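Only one structure is covered here, and it is reproduced in the block below.
The values are calculated or read from the model by the stated rules, or taken from the named source; none is laboratory data. Quick caveat, the model's predicted, so the values are computed rather than measured. Here Cβ is always computed from backbone atoms with ideal geometry, including for glycine, and neighbour counts include all displayed protein chains.
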Amino acid sequence: MEKTPLTDDHIHIDPVNGRGIEAAKDFMRAGGTHMFLVSKPSFSLGVFPGRGSDYCAVFDETLRIADKIRETGLVVFPVLGVHPAEITRLSETMTYEEASVIMMEGLDVAAQYVAEGTAFALKSGRPHYEVTPEVLALSNEVLSFAFSLGRDCRCAVQVHAETGPCDDMVLMASAAGMDPTRVIKHYASPETPLIPSMMAKHEAIPALCREGRRFTMESDYMDENSRPGAVIGPKSVPRFTNRLLSEGLITTEDVHRIHVDTPEQVYGVEIVL
């Protein structure tokens, strides 16, 4: 069979706390060709921001890792942003409102990397766990700001949020002037009206293909030695894709739509071998 691009839409590679380049090589050996490398939360890299510019340390490390991965022959699209859980972590030393301001400043810095072409999308969202109405409102302000940056940069925004459709984000993106078809719901469930990035092992993938749905696939591999293989391993996207194809549950056209057409349309990148 002719080789086709296989793209992981959300993966982390961490040479300090995890397996690093060896994990990327596992992805490639399993047939993976392209990855959207997502910046990790600042605190997981030992960065505790006091101002937006402090996020440069996180973003520069992500770009350094991307360059090392490219040496293996993989194509890497960095995605930079501020993890929504940071509002909780930052609030240990400041008010929630102060934390939200620093998060927006960090997103503004990330957008500068997109504008200069070293990153290809932004990452934002809101906490996936229960929070107070104040924290939820501030988190939605941060997310709306991310959408406005996506509008200005003409780039996609990956969102990390609670389980479920998150259908209010369609209106939020539109209100910010951003095209909601360029909003990707990371760790998605099928009912979202956003572009779902489905876990590679999700049982709904064959049904979504039969419906002709646009979606991507991800591993959300964390690359942390303290949590080996979490969320699922770096080989997962190519392995599950090839398994579904060999079992006749998806077609070669489905594979092309998942791994080439949809990421090209959503991110505005070229997926070629």
Check your understanding: Taking into account only those residues within the stretch 124-152 that are within 20 Å of Ala175 (Cβ to Cβ) and under 15 Å from the mean Cα position of the chain (by Cα), which is surrounded by the most Cβ atoms within 10 Å (Cβ to Cβ)?
Key -> Ala146
Check your understanding: Which residue pairs have Cβ atoms under 7 Å apart, sit 6 or more places apart or on different chains, and have a first residue in the stretch 12-25 that is over 13 Å from Arg227 (Cβ atoms) and in contact (Cβ under 8 Å) with a residue 24 or more places away in the chain and a second that is of a type in the set (Gly, Ala, Ser) and assigned to a helix (DSSP H, G or I)?
Key -> Ile13/Ala23; Ile13/Ala24
Exercise for review: Can you tell me which residue within the stretch 234-259, out of those that are touching a residue at least 12 places away in the same chain (Cβ under 8 Å) and among the polar types (S, T, N, Q), is nearest to Arg19 (Cα to Cα)?
Suggested key: Ser236
Review point. Here are some residues: Leu6, Leu63, Leu107. Which one is touching a His at 6+ places or on another chain (Cβ under 6 Å), surrounded by 16 or more Cβ atoms within 10 Å (Cβ to Cβ) and modelled with pLDDT of 95 or more?
Key: Leu6
Exercise for review: Collect the residues in the stretch 21-40 that are part of a loop (DSSP other than H, G, I, E, B) and crowded, with 17+ Cβ neighbours inside 10 Å, keeping them in residue-number order.
Suggested key: Ala30, Gly32, Thr33, Ser39, Lys40
